[in-house]
Amino acid sequence: MAGCLSFTAHRDRCYRFSFSNAGLKSTTTDLGHGTIMHCWIPKTHKNSKPSLLLLHGMGANAMWQWNDFVSPLTRRFNVYVPDLLFFGESYTTQPDRSEAFQAQCVAALMEAHGVRLMNVVGISYGGFVGYSLAVQFPERVGKVVMCCAGVCLEDKDMEEGLFRVKSIDEAATILIPQTPEKMKQLVQIAFVKPITVMPTCVLNDFIDVMCTEYRQEKKELIETLYKDRKLSNLPKISQPTLIIWGEQDQVFPLELAHRLKRHLGENAQLAVVKNAGHAINLEKPKKLYRILKSFLIDSVTPSMQENHSNGSKLD
């Protein structure tokens, strides 16, 4: 189904052209021990620019989630956009499904590309990985942006009714949809104004191309996020941090944004975007870019230069 008549495969090719046109190239790196990671990297790394790492969430590969941002961001940054393990062309034979292991692999990937210091933006699941990266490698991470990433959740939150779903299994069937009905349900909870016309043939095509590979591994990633999670066990990161949240997020409710702000204290800023849900990168890309620009670009510091080893509520 992913052949010449596949809408999803065609869209994927368009995104590849878009990323290449923005000055990025596709690379695959063997990290050893059965771990392969794909990443879009600058065709030419410029030491005059700081480096920026964009980490995607659950769903399709990284291109689908960051396409609206790479072109403007590459003007100011050396942009790196990896596919996390079990997404796109990245995978591992290792059994570890924790965000800590994902972060270690991302750190090794960036090391392989000669990047020692970077700003990090993570959306949803990518925010979990980005936070862990900042915890484990504080000397390598400058600024941190957390977009709708519920790192402050606790395993008891589901039992206490914080989420719309009642179990991890139910969450997995929505976040890794295998039927058009589940795909529609995902869209309904991810967007404030979801698409109303979703032909079954298009949904089946998307599922076939993007949601069938590594299904069990992705479910294990979700299970590991929740298992025995306690706020008291979450380290506080020291980097300047911006928390961005959709006011009507139904995947990770806004309470988790306030919880994270309280956890990090004065070191963090919180921007809440009105009329936005969980898929803030797709629903409000222009607004999200303006917030990122204000935090990452307008206040860029000299310490974020020369980082390559080769040289509030908003309407």
- Task: Pick out, from region 1-72, the strands (runs of 3 or more DSSP E) lying fully within it that include 1 or more residues that are at positive phi and either in contact with a Lys or Arg (Cβ under 7 Å, 6 or more places away or on another chain) or surrounded by fewer than 19 Cβ atoms within 10 Å (Cβ to Cβ) (or both).
- Result: 24-32
- Item | Options 303, 312, 299; residue that is in contact with a Gly (Cβ under 8 Å, 6 or more places away or on another chain), over 24 Å from residue 11 (Cβ atoms) and at pLDDT below 95 | 303
- Could you please find all residues in region 124-139 being closer than 14 Å to residue 252 by Cβ and either in a loop (DSSP other than H, G, I, E, B) or among the aliphatic types (A, V, I, L, M) (or both)? 124
- Message: I'd like the full set of residues that are at pLDDT 95 or above, acidic (Asp, Glu) and closer than 21 Å to residue 232 by Cα, limited to region 112-159.
- Response: 154, 157
- So which residues in region 73-88 are among the aliphatic types (A, V, I, L, M), buried (at least 23 other Cβ atoms within 10 Å of the Cβ) and closer than 26 Å to residue 294 by Cα? 79, 81
- Can you tell me how many residues in region 92-116 are buried (at least 19 other Cβ atoms within 10 Å of the Cβ), in contact with a helix residue (DSSP H, G or I) (Cβ under 9 Å, 6 or more places away or on another chain) and in a loop (DSSP other than H, G, I, E, B)? 1
- Query: Taking the stated definitions as given, is residue 142 open to solvent by less than 10 Å² (accessible area, probe 1.4 Å) and either among the small types (Gly, Ala, Ser) or part of a loop (DSSP other than H, G, I, E, B) (or both)?
  - Reply: no
- Name the pairs: first residue in region 257-276 and closer than 18 Å to residue 295 by Cα and of a type in the set (Asp, Glu), second residue in a helix (DSSP H, G or I) and at pLDDT 95 or above, Cβ to Cβ under 6 Å, at least 6 apart or on different chains? none
- Message: Looking only at residues that are surrounded by fewer than 18 Cβ atoms within 10 Å (Cβ to Cβ) and polar (S, T, N, Q) in region 249-283, which one is farthest from residue 152 (Cα to Cα)?
- Response: 275
- Note on the structure: All-but-one check, residue 163 against (1) buried (at least 18 other Cβ atoms within 10 Å of the Cβ); (2) on the phi > 0 side of the Ramachandran plot, failing number (2)
- Note on the structure: Listed by first then second residue, the pairs whose first member lies in region 223-234 and is open to solvent by 50 Å² or more (accessible area, probe 1.4 Å), whose partner is aliphatic (A, V, I, L, M) and part of a helix (DSSP H, G or I), with beta carbons under 6 Å and at least 6 positions apart or on separate chains, are 223/168
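The values are calculated or read from the model by the stated rules, or taken from the named source; none is laboratory data. Remember, predicted model here, so these are calculated numbers, not experimental data. For neighbour counting, all protein chains shown are included, and Cβ atoms are generated from backbone atoms with ideal geometry for every residue, glycine included. Quick note on the areas: whole protein, heavy atoms, side chains included, nothing else; ligands and nucleic acids left out. Shrake-Rupley method; radii C 1.70, N 1.55, O 1.52, S 1.80 Å.
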